[in-house]
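K.L.:
Could you have a look at this structure, given as structure tokens, before my questions?
The values are calculated or read from the model by the stated rules, or taken from the named source; none is laboratory data. The shown structure was predicted, so the numbers you read here are calculated from the model rather than taken from an experiment. When we count neighbours, we look across all protein chains shown, and the Cβ atoms used for this are built from the backbone with ideal geometry, even at glycine.
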């Protein structure tokens, strides 16, 4: 064999060996990635490193005035790597460190902590949790200056692991409304509904698994920092929420009811100012927020639905509120079912207005059946046009879907229309019914309620939510005026006259619905009251629902209506803008100054000086009032605020017209002399272009 052939043979053998080796390596890689993948992954988890999620700090939830409803507060777990500190640092500081740990946590002796740390150092444990109790930020700052710890993480070995905890400054106030999100990203309320904004973006960091299954952060510079969540700003008013929850809880306890809900809404904006849902916990005999009945709880509304029936009747016919209807002796048969009025012996012949005020089932059912019995779909079309058959598209997840039958449904029967007209054989949520009543208070304009106004990051607004108009007019102006008088009449003369008061008017409707159990109506009731106040200038609408009250009081008038009044009274007391201004009238002082009362300071001073009447000023304001002091005229401030109706009592007509017209008002007058009466009282909110009448004498 020559040299050339020998070299070629050796090269071929070498290539063959390399090829076999490469194939073996490739085969091993395939086996590792397929056959043994799980085995080695499991092994890596036990002995190796792993990137783990670092939770982002969750955004805050604020009330309407910026008070915190929910926030994330940082807490820290104190851990330690006793192997890092140099011997001289460790020996010098271990006694003092153990003593400080013992004093701070107050649960173990100094010897315990010293032994625990020494044992870990000898065993070369790189991660020891010193105490299970979490510490706050101020405690962390203090501990960072302790012996050994003051050397820092890299030289001293101290590890402060940050753990965010959700904190509610107002504790259980609005608990279900604020809600929660658990580790599986399930939850309820605002926390769950706005989770994608609140949660932020999680980061990642490298961790090493230690003995006992614990993970230690390595802080190697490869961390991906989390991005904090956005803040949400709600429409909830903390004071009104407290008032609402307190009133509802007292009523539930008083009547031993199963559950209840209360919602307060601002009429013009649709903003939810308070919402409370309380359920009886039979085990502990108390009430807790476990389900949002106001938004999710579908139920037969009962007599509160009669408002929808009355609007349909008034829109579809020439019915007058003064028309009469015979209700008989309190029992009326539709097919083979008896309709019954609550009053024993019945109401006899009453007017349409009285039928609504007394909540006569027979009267409402007869009128609806007579008007729509031959074409019930026309009645359903009205209900649909009011927006009652569709969900509101509320901002919180889980809104109940209304259940309104149609004549084409298999469950529709001959008695469906009369029973539906008084609030049976259909289901609505309290919020959907409140939105309907709120439209009446809002001059017929139906608006979608909102509970979150905006989303922000620090001071930057990311998203803004405004009330959306669902329907500009749910009925004609004539019908609107008539149903407003009906709702006021319920409180003035009807089933809710027990909540009538002399300070402000309430408009609303009581409801008492029998509970359907196993397909049969029982003598258990769901009571309700829904309405608005003050009736003459509605600012707030409110609904109260109390389910299965016990005792002899089981009707909407004496269970739910008083809760409405208690809430309304407290809101009226808190909101001074609802009050008619009180004008403290000054007694006319007898003596030598019978006509000097109020006006332009320079003009009045000039007159007094010409007549040699002693006078002096306590103010340099342009407009003043006259007071008698020490046998002289004292000019005092008559402040003219830019957004309220000025006080022109006692002024000349010229001065009064000058002031009022400069404020944008249209003035009419009668009589002669000085102003003795003004039709719009001083201090009321000014409306540009409004008319004011002055009386002189």
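K.L.:
Only one residue in 289, 266 is over 17 Å from residue 176 (Cβ atoms) and touching a residue at least 24 places away in the same chain (Cβ under 8 Å), so which one is that?
P.N.:
Of the residues listed, the single one that is over 17 Å from residue 176 (Cβ atoms) and touching a residue at least 24 places away in the same chain (Cβ under 8 Å) is 266.
K.L.:
If you don't mind, there's one more thing I want to ask. Residue 297 is checked against (1) touching a helix residue (DSSP H, G or I) at 6+ places or on another chain (Cβ under 8 Å); (2) within 14 Å of residue 244 (Cβ to Cβ) and fails just one. What number does that condition carry?
P.N.:
Just one mismatch for residue 297, condition (2).
K.L.:
Take the range 70-111 and flag every residue that is exposed (fewer than 13 other Cβ atoms within 10 Å of the Cβ) and part of a loop (DSSP other than H, G, I, E, B).
P.N.:
Hits for the range 70-111 are 86, 106, 107, 109.
K.L.:
Can we say residue 52 is at pLDDT below 90 and either in the same structural domain as residue 177 (by TED's automatic domain parsing) or not in a helix (DSSP H, G or I) (or both)?
P.N.:
Criteria met by residue 52.
K.L.:
So residue 488 fits all but one of (1) under 26 Å from residue 347 (Cα atoms); (2) buried (at least 24 other Cβ atoms within 10 Å of the Cβ); (3) in contact with a strand residue (DSSP E or B) (Cβ under 6 Å, 6 or more places away or on another chain); what number is the exception?
P.N.:
That leaves (2) as the condition not met.
K.L.:
Now a separate question. Looking at the range 117-139, which of its residues are crowded, with 18+ Cβ neighbours inside 10 Å, in contact with a strand residue (DSSP E or B) (Cβ under 8 Å, 6 or more places away or on another chain) and assigned to a helix (DSSP H, G or I)?
P.N.:
Of everything in the range 117-139, those that are crowded, with 18+ Cβ neighbours inside 10 Å, in contact with a strand residue (DSSP E or B) (Cβ under 8 Å, 6 or more places away or on another chain) and assigned to a helix (DSSP H, G or I) turn out to be 117, 120.
Yes/no per residue for (1) within 49 Å of the chain's Cα centre (by Cα); (2) more than 13 Å from residue 82 (Cβ to Cβ):
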{"residue": "105", "(1), (2)": "yes, yes"}
{"residue": "110", "(1), (2)": "no, yes"}
{"residue": "122", "(1), (2)": "no, no"}
{"residue": "132", "(1), (2)": "yes, yes"}
{"residue": "137", "(1), (2)": "yes, yes"}
{"residue": "159", "(1), (2)": "yes, no"}
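K.L.:
Sticking with this one: So which of 417, 480, 392 is closer than 23 Å to residue 512 by Cα and either in contact with a helix residue (DSSP H, G or I) (Cβ under 9 Å, 6 or more places away or on another chain) or surrounded by fewer than 20 Cβ atoms within 10 Å (Cβ to Cβ) (or both)?
P.N.:
That would be 417, the only listed residue that is closer than 23 Å to residue 512 by Cα and either in contact with a helix residue (DSSP H, G or I) (Cβ under 9 Å, 6 or more places away or on another chain) or surrounded by fewer than 20 Cβ atoms within 10 Å (Cβ to Cβ) (or both).
K.L.:
Further, regarding this structure: So, in the range 457-489, how many residues would count as being within 30 Å of residue 227 (Cα to Cα) and at pLDDT 95 or above?
P.N.:
0
K.L.:
Going by what's in this entry, would residue 424 be described as in contact (Cβ under 8 Å) with a residue 60 or more places away in the chain and within 17 Å of residue 392 (Cα to Cα)?
P.N.:
Here the answer is no, as residue 424 does not meet what is asked.
K.L.:
Could you list, in sequence order, all residues of the range 183-206 that are in contact with a helix residue (DSSP H, G or I) (Cβ under 9 Å, 6 or more places away or on another chain) and more than 17 Å from residue 61 (Cα to Cα)?
P.N.:
185, 186
K.L.:
Say we look at the range 671-681 and pick out the residues that are surrounded by fewer than 17 Cβ atoms within 10 Å (Cβ to Cβ) and under 28 Å from residue 539 (Cα atoms); which of these is modelled with the highest pLDDT?
P.N.:
The residue in question is 677.
K.L.:
Can I ask one more? If I go through the range 446-466 residue by residue, how many of them are in contact with a helix residue (DSSP H, G or I) (Cβ under 9 Å, 6 or more places away or on another chain), surrounded by fewer than 19 Cβ atoms within 10 Å (Cβ to Cβ) and assigned to a loop (DSSP other than H, G, I, E, B)?
P.N.:
Adding up the residues that qualify gives 1.
Yes or no, residue by residue, for (1) outside the structural domain of residue 480 (by TED's automatic domain parsing); (2) out of contact with any strand residue (DSSP E or B) (no Cβ under 6 Å at 6 or more places or on another chain); (3) closer than 30 Å to residue 537 by Cβ:
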{"position": "372", "(1), (2), (3)": "no, yes, no"}
{"position": "379", "(1), (2), (3)": "no, yes, no"}
{"position": "394", "(1), (2), (3)": "no, yes, yes"}
{"position": "401", "(1), (2), (3)": "no, yes, no"}
{"position": "404", "(1), (2), (3)": "no, no, no"}
{"position": "414", "(1), (2), (3)": "no, yes, no"}
{"position": "425", "(1), (2), (3)": "no, yes, no"}
{"position": "440", "(1), (2), (3)": "no, yes, yes"}
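K.L.:
For the condition part of a strand (DSSP E or B), more than 16 Å from residue 604 (Cα to Cα) and either at pLDDT below 80 or within 42 Å of the chain's Cα centre (by Cα) (or both), what is the one hit in 693, 668?
P.N.:
Exactly one residue qualifies, and that residue is 693.
K.L.:
Where in the range 321-367 are there strands (runs of 3 or more DSSP E), lying fully within it, with 1 or more residues that are out of contact with any strand residue (DSSP E or B) (no Cβ under 7 Å at 6 or more places or on another chain) and either loosely packed, with under 15 Cβ neighbours inside 10 Å or modelled with pLDDT of 95 or more (or both)?
P.N.:
In the range 321-367, the matching strands (runs of 3 or more DSSP E) lie at 331-334, 337-340.
K.L.:
Determine which single condition residue 512 fails, assuming it passes every other condition in (1) over 22 Å from residue 423 (Cβ atoms); (2) modelled with pLDDT of 75 or more; (3) outside any loop (DSSP other than H, G, I, E, B).
P.N.:
For residue 512, the failing item is (1).
K.L.:
Can you find, within the range 654-665, the residue that is farthest from the chain's Cα centre (by Cα) among those that are modelled with pLDDT under 80 and part of a helix (DSSP H, G or I)?
P.N.:
Checked the range 654-665; the qualifying residue farthest from the chain's Cα centre (by Cα) is 654.
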